[in-house]
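See structure below.
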């Protein structure tokens with residue numbers, strides 16, 4: 001039964017992972033780490049995950065996506081405030097963005113104020 005479904009391309013981990021990752025990146029603003037973690041919990045193999053993230057998220061600039069989320073979530077807040085910085089960093093970490101992107105983005109946001 002499963003082989004028949006695979007032959008008809010109804011069961012395809014790579015296709016599922018690619019569509020799921022693209023949807024989560026575009027609609028929910030998930031970063032690469034969050035997408036990798038969730039695909040792993042869905043039973044997708046590590047090699048497929050790496051390939052999907054490279055292909056799918058390669059078209060998105062992680063910094064631009066994180067900035068868009070930060071602007072939307074923390075509209076009008078002062079990033080010089082330590083509590084706001086911690087909240088913003090935690091928010092972006094939960095979304096799956098790298099520490100490098102988070103620190104660069106928060107530094108830029110402080111300089112812009």
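What the table shows:
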{"read-out": "Filter result for residue 56 (over 22 Å from residue 103 (Cα atoms) and modelled with pLDDT under 90)", "value": "yes"}
{"read-out": "Odd one out for residue 26 among (1) in the same structural domain as residue 102 (by TED's automatic domain parsing); (2) at pLDDT below 90", "value": "(1)"}
{"read-out": "Scan of the stretch 75-97 for residues that are modelled with pLDDT of 90 or more and under 22 Å from residue 26 (Cα atoms), ordered by number", "value": "88, 89, 90, 91, 92, 93, 94, 95, 96, 97"}
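The values are calculated or read from the model by the stated rules, or taken from the named source; none is laboratory data. Just so it is clear, the structure is predicted and the values come from calculations on it, not from any experiment.
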